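Read the structure below first, then the notes.
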Amino acid sequence: MTDRTIPFHNVILRCDQYTATPVLLPEGFCVVSYQKGYEKDWAGMEYSIGDFNSTQEAEDYFMSTYLSKESNHENCRFLLSPDKKVIGSCIAWNDFRNDTPVSSLHWLAVDENYQGMGLGKALCLATMNIFAEKSGTPVYIHTQPWSWKAILLYLSIGFRLQKTDTFSHYENQYDNAMETLKGVVSEQQYERMQQASE
(Lines give C-alpha, C1' and ligand atoms only; values in the text may rest on other atoms or scores of the structure.)
Protein backbone atom coordinates (compact mmCIF):
# COMPACT_ATOMS: atom_id res chain seq x y z
CA MET A 1 0.00 0.00 0.00
CA THR A 2 1.26 3.47 -0.86
CA ASP A 3 2.44 5.33 2.25
CA ARG A 4 0.56 8.61 2.04
CA THR A 5 2.12 9.88 5.26
CA ILE A 6 5.12 10.75 3.06
CA PRO A 7 4.93 14.52 2.47
CA PHE A 8 3.43 15.65 -0.82
CA HIS A 9 5.54 17.70 -3.24
CA ASN A 10 5.08 18.07 -6.99
CA VAL A 11 7.52 15.91 -8.93
CA ILE A 12 7.87 16.52 -12.67
CA LEU A 13 9.42 14.05 -15.09
CA ARG A 14 10.00 14.36 -18.83
CA CYS A 15 10.92 11.87 -21.55
CA ASP A 16 12.49 13.40 -24.66
CA GLN A 17 13.10 10.22 -26.66
CA TYR A 18 11.02 7.07 -26.82
CA THR A 19 10.69 4.33 -29.42
CA ALA A 20 7.71 1.98 -29.48
CA THR A 21 8.59 -1.08 -27.44
CA PRO A 22 7.06 -4.60 -27.44
CA VAL A 23 4.89 -5.18 -24.37
CA LEU A 24 5.66 -8.44 -22.59
CA LEU A 25 3.10 -9.76 -20.12
CA PRO A 26 2.81 -12.94 -18.05
CA GLU A 27 0.54 -15.54 -19.63
CA GLY A 28 -3.16 -14.68 -19.39
CA PHE A 29 -2.71 -10.94 -18.74
CA CYS A 30 -3.52 -8.39 -21.43
CA VAL A 31 -3.69 -4.64 -22.04
CA VAL A 32 -6.81 -3.38 -23.81
CA SER A 33 -8.52 -0.12 -24.76
CA TYR A 34 -11.54 1.29 -22.93
CA GLN A 35 -14.80 -0.62 -22.97
CA LYS A 36 -18.08 0.49 -21.43
CA GLY A 37 -18.13 -0.32 -17.73
CA TYR A 38 -14.39 0.06 -17.19
CA GLU A 39 -15.02 3.49 -15.65
CA LYS A 40 -16.58 1.72 -12.65
CA ASP A 41 -13.57 -0.57 -12.29
CA TRP A 42 -11.24 2.43 -12.62
CA ALA A 43 -13.22 4.31 -9.98
CA GLY A 44 -13.07 1.40 -7.54
CA MET A 45 -9.35 0.99 -8.03
CA GLU A 46 -8.55 4.70 -7.69
CA TYR A 47 -10.79 5.03 -4.61
CA SER A 48 -9.12 2.02 -2.97
CA ILE A 49 -5.68 3.66 -3.21
CA GLY A 50 -6.93 6.96 -1.82
CA ASP A 51 -7.04 9.17 -4.91
CA PHE A 52 -10.74 10.04 -4.44
CA ASN A 53 -13.13 10.38 -1.51
CA SER A 54 -15.69 8.01 -3.03
CA THR A 55 -16.12 5.68 -5.99
CA GLN A 56 -18.84 8.00 -7.32
CA GLU A 57 -16.47 10.98 -7.25
CA ALA A 58 -13.86 8.91 -9.11
CA GLU A 59 -16.36 7.67 -11.69
CA ASP A 60 -17.70 11.19 -12.25
CA TYR A 61 -14.14 12.42 -12.79
CA PHE A 62 -13.41 9.69 -15.34
CA MET A 63 -16.67 10.31 -17.20
CA SER A 64 -16.26 14.08 -17.37
CA THR A 65 -12.54 14.04 -18.17
CA TYR A 66 -11.95 10.99 -20.34
CA LEU A 67 -15.36 10.28 -21.85
CA SER A 68 -16.36 13.84 -22.72
CA LYS A 69 -16.79 14.89 -26.35
CA GLU A 70 -13.43 16.66 -26.29
CA SER A 71 -11.46 13.68 -24.98
CA ASN A 72 -10.33 10.50 -26.69
CA HIS A 73 -11.07 7.43 -24.59
CA GLU A 74 -9.10 5.36 -27.11
CA ASN A 75 -5.99 6.63 -25.29
CA CYS A 76 -7.03 4.89 -22.06
CA ARG A 77 -5.35 1.55 -21.42
CA PHE A 78 -6.57 -1.09 -19.00
CA LEU A 79 -4.68 -4.08 -17.64
CA LEU A 80 -6.76 -7.24 -17.32
CA SER A 81 -6.01 -10.27 -15.18
CA PRO A 82 -6.42 -13.81 -16.59
CA ASP A 83 -10.03 -13.80 -15.35
CA LYS A 84 -10.62 -10.49 -17.26
CA LYS A 85 -10.79 -8.33 -14.16
CA VAL A 86 -9.47 -4.74 -14.49
CA ILE A 87 -6.36 -4.58 -12.30
CA GLY A 88 -4.57 -1.56 -13.73
CA SER A 89 -4.87 1.52 -15.88
CA CYS A 90 -2.86 4.24 -17.54
CA ILE A 91 -3.86 7.11 -19.82
CA ALA A 92 -2.07 8.83 -22.69
CA TRP A 93 -3.25 12.41 -22.37
CA ASN A 94 -2.70 15.84 -23.84
CA ASP A 95 -1.90 18.72 -21.51
CA PHE A 96 -0.30 22.12 -21.94
CA ARG A 97 3.05 23.75 -21.32
CA ASN A 98 3.02 27.53 -21.73
CA ASP A 99 -0.15 27.28 -23.87
CA THR A 100 1.50 24.69 -26.15
CA PRO A 101 -0.02 21.16 -26.24
CA VAL A 102 2.23 18.47 -24.77
CA SER A 103 1.86 14.76 -24.15
CA SER A 104 1.25 13.68 -20.56
CA LEU A 105 1.12 10.25 -18.95
CA HIS A 106 -1.77 10.04 -16.45
CA TRP A 107 -2.94 7.78 -13.65
CA LEU A 108 -0.63 4.77 -13.81
CA ALA A 109 -2.03 2.35 -11.25
CA VAL A 110 -1.86 -1.41 -10.63
CA ASP A 111 -3.86 -3.30 -8.02
CA GLU A 112 -1.51 -3.90 -5.08
CA ASN A 113 -2.30 -7.64 -5.21
CA TYR A 114 -0.60 -7.79 -8.63
CA GLN A 115 2.40 -5.57 -8.01
CA GLY A 116 5.96 -6.85 -8.32
CA MET A 117 5.22 -8.83 -11.50
CA GLY A 118 6.39 -6.26 -14.05
CA LEU A 119 2.80 -5.41 -14.94
CA GLY A 120 3.16 -1.69 -14.16
CA LYS A 121 6.08 -1.39 -16.55
CA ALA A 122 4.23 -3.29 -19.27
CA LEU A 123 1.18 -1.07 -18.86
CA CYS A 124 3.34 2.04 -18.91
CA LEU A 125 5.08 0.89 -22.11
CA ALA A 126 1.75 0.09 -23.77
CA THR A 127 0.60 3.63 -23.03
CA MET A 128 3.89 5.21 -24.11
CA ASN A 129 3.53 3.34 -27.41
CA ILE A 130 0.45 5.49 -28.09
CA PHE A 131 2.64 8.59 -27.89
CA ALA A 132 5.25 6.96 -30.12
CA GLU A 133 2.61 6.31 -32.77
CA LYS A 134 0.69 9.59 -32.53
CA SER A 135 2.08 12.68 -30.82
CA GLY A 136 5.69 11.81 -30.02
CA THR A 137 7.85 13.36 -27.33
CA PRO A 138 8.37 15.08 -25.02
CA VAL A 139 6.05 13.28 -22.62
CA TYR A 140 5.53 14.73 -19.14
CA ILE A 141 4.49 13.12 -15.86
CA HIS A 142 3.35 14.73 -12.63
CA THR A 143 3.71 12.60 -9.51
CA GLN A 144 4.75 12.86 -5.82
CA PRO A 145 7.27 11.31 -3.39
CA TRP A 146 4.90 8.66 -2.05
CA SER A 147 4.90 7.21 -5.58
CA TRP A 148 8.67 6.65 -5.42
CA LYS A 149 8.39 3.13 -6.84
CA ALA A 150 6.64 4.55 -9.89
CA ILE A 151 9.33 7.23 -10.18
CA LEU A 152 11.98 4.50 -10.40
CA LEU A 153 9.88 2.72 -13.03
CA TYR A 154 9.60 5.93 -15.09
CA LEU A 155 13.37 6.44 -14.91
CA SER A 156 13.90 2.89 -16.19
CA ILE A 157 12.05 3.67 -19.45
CA GLY A 158 13.77 6.97 -20.18
CA PHE A 159 12.11 9.68 -18.10
CA ARG A 160 14.28 12.19 -16.26
CA LEU A 161 13.46 14.19 -13.15
CA GLN A 162 13.12 17.89 -13.89
CA LYS A 163 14.78 20.42 -11.60
CA THR A 164 12.89 23.42 -13.01
CA ASP A 165 10.76 22.44 -16.03
CA THR A 166 7.05 21.86 -15.53
CA PHE A 167 3.73 21.73 -17.38
CA SER A 168 0.03 22.33 -16.83
CA HIS A 169 -0.58 24.16 -13.53
CA TYR A 170 2.04 22.31 -11.48
CA GLU A 171 4.71 24.15 -9.51
CA ASN A 172 7.98 22.24 -9.76
CA GLN A 173 9.05 21.37 -6.18
CA TYR A 174 12.15 19.36 -7.05
CA ASP A 175 14.32 20.41 -4.07
CA ASN A 176 11.63 19.67 -1.46
CA ALA A 177 10.69 16.43 -3.17
CA MET A 178 14.29 15.21 -3.31
CA GLU A 179 14.82 16.08 0.35
CA THR A 180 11.76 13.98 1.20
CA LEU A 181 12.82 11.12 -1.08
CA LYS A 182 16.26 11.05 0.56
CA GLY A 183 14.60 9.82 3.73
CA VAL A 184 12.41 7.26 1.95
CA VAL A 185 14.46 5.42 -0.67
CA SER A 186 17.74 3.56 -0.38
CA GLU A 187 21.04 5.37 -0.89
CA GLN A 188 21.48 3.61 -4.24
CA GLN A 189 17.97 4.55 -5.38
CA TYR A 190 18.49 8.17 -4.34
CA GLU A 191 21.76 8.30 -6.26
CA ARG A 192 19.91 6.92 -9.31
CA MET A 193 17.37 9.73 -8.99
CA GLN A 194 20.08 12.34 -8.70
CA GLN A 195 21.86 10.99 -11.77
CA ALA A 196 18.58 11.11 -13.71
CA SER A 197 17.89 14.75 -12.81
CA GLU A 198 18.35 17.65 -15.18
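Points to keep in mind about this one:
- Violating pairs (Cα-Cα greater than 29 angstrom) within the set LYS40/LYS163; LYS121/LYS163; LYS36/LYS134; LYS36/LYS163; LYS85/LYS163; LYS85/LYS182: LYS40/LYS163; LYS36/LYS163; LYS85/LYS163; LYS85/LYS182
- Dimensionless Rg ratio for the chain, taking C-alpha atoms and the 2.2 N^0.38 Å reference: 0.99
- Sulfur and carbon atoms: percent of accessible area, the chain [1.4 Å]: 46
- Gyration tensor verdict on segment 78-192 (Cα atoms; rounded if a/c is under 1.5, prolate if a/b is larger than b/c, oblate otherwise): oblate
- Three-way shape label, segment 1-58, alpha-carbon gyration tensor, a/c 1.5: oblate
- Of the GluC sites (Glu not before Pro) found in segment 155-194, those that fall in a DSSP loop while having at most 15 other beta-carbon atoms within 10 Å are GLU171.
- GluC sites (Glu not before Pro) lying in DSSP loop within segment 1-78, provided at most 10 other Cβ fall within 10 Å: GLU27, GLU70
- Over the chain, dividing the summed -39,500 (n - 2.57) contributions of all DSSP H runs of at least 4 residues by the number of residues returns a 222 nm mean residue ellipticity of -10000 deg cm²/dmol.
- Relative to its residue count, segment 136-198 spans a Cα convex hull of 83 Å³ per residue.
The values are calculated or read from the model by the stated rules, or taken from the named source; none is laboratory data. The shown structure was predicted, so the numbers you read here are calculated from the model rather than taken from an experiment. Don't worry about glycine lacking a Cβ; one is built from the backbone with ideal geometry, like all the others, and counts go over all protein chains shown. Note: accessible area is taken over every heavy atom of the protein model, side chains too, but ligands, DNA and RNA are not part of it. Shrake-Rupley method; radii C 1.70, N 1.55, O 1.52, S 1.80 Å.
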